[in-house]
Structures are given as structure tokens and as C-alpha cells.
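The values are calculated or read from the model by the stated rules, or taken from the named source; none is laboratory data. From a predicted model like this one, the values you see are computed outputs, not experimental measurements. Because the Cβ atoms are built from the backbone with ideal geometry, glycine has one as well, and the counts that use them run over all protein chains shown.
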């Protein structure tokens, strides 16, 4: 494993794919970076020399925001939206989808597990009430 910009890159992976493991670098930007640094995209990580890693670092440092710097910028942008009180900021605050997705039938990732709200049968209510009273008496005994 080769460590580059705080990320462990697998030795057997091609360098163009390994660069995508860095937060903020996708496949197309990885190709551009390799072209700027004059490095063959088909090389494996273990075949890349120290000198070439220095060229990669210089190309990334000069043109891209990656890892912690990028995460910090994104969190600052979200915090600004919340402070201003914009619609997008309120959606972030409430933990709902921000970019116009529907929430009636989807958005389970953002909203969490489904909670049933509404009518219950009499038997279900009786069980719930019985469970509450049993737990209350157990707590009172302690």
C-alpha cells in the first residue's frame, strides 16, 4: 500500500483508478491530473516512482481542493445556508432532501426508518397500554 495525500492506495490498482479514492477527485479529473503530470494512466501504483508522485502532488495541490480542505468548504457552505435561513438551509436542518426530490414515497436514506402514524386497531392499542403500565409498575418497584 502506498500512502498519498493521507490515503492508502492499493499497489495492484491502476493509478487512474487509485486517484479516485481521494475525496474530491473523480475519474475524469484523475485523467486530467495524469495528463498534466505526464504519467501513463495504465501504470500500476507500485510502478509509479517517487518523482512522479511529486508531480502528481504538485498538479493536485495547484488545481484542486481535496480531502479535508474540500470537506471543510462544503460544511461551511451548508452552515452559511442554515444561518441565512434559506430554503436549502432549512432542509439541511430538518434532515430532508435538499435538491427537490420527492419525499412522499422515497427519501428513506435521509428520513430514516418508516414510522407508522395513524389508526391502530383496539387490540393493538390495548397491547401498547398494557406494555406501558407494566413498565411503569416495574419502574415504581425499583
In segment 86-100, residue farthest from the chain's Cα centre (by Cα) [restricted to those that are part of a helix (DSSP H, G or I) and surrounded by 12 or more Cβ atoms within 10 Å (Cβ to Cβ)]: 90
Residue 70 being surrounded by 10 or more Cβ atoms within 10 Å (Cβ to Cβ), under 30 Å from residue 25 (Cβ atoms) and in contact (Cβ under 8 Å) with a residue 40 or more places away in the chain: yes
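Okay, residues lined up against (1) farther than 24 Å from residue 24 by Cβ; (2) surrounded by 11 or more Cβ atoms within 10 Å (Cβ to Cβ); (3) touching a residue at least 60 places away in the same chain (Cβ under 8 Å); (4) not assigned by TED's automatic domain parsing to the domain that holds residue 24:
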site: 38; (1), (2), (3), (4): no, no, no, no
site: 44; (1), (2), (3), (4): no, yes, no, no
site: 56; (1), (2), (3), (4): no, yes, no, no
site: 79; (1), (2), (3), (4): no, yes, no, yes
site: 102; (1), (2), (3), (4): yes, no, no, yes
site: 107; (1), (2), (3), (4): yes, yes, no, yes
site: 118; (1), (2), (3), (4): yes, no, no, yes
site: 125; (1), (2), (3), (4): yes, yes, no, yes
Of the criteria (1) crowded, with 17+ Cβ neighbours inside 10 Å; (2) under 25 Å from the mean Cα position of the chain (by Cα), which one residue 21 fails: (1)
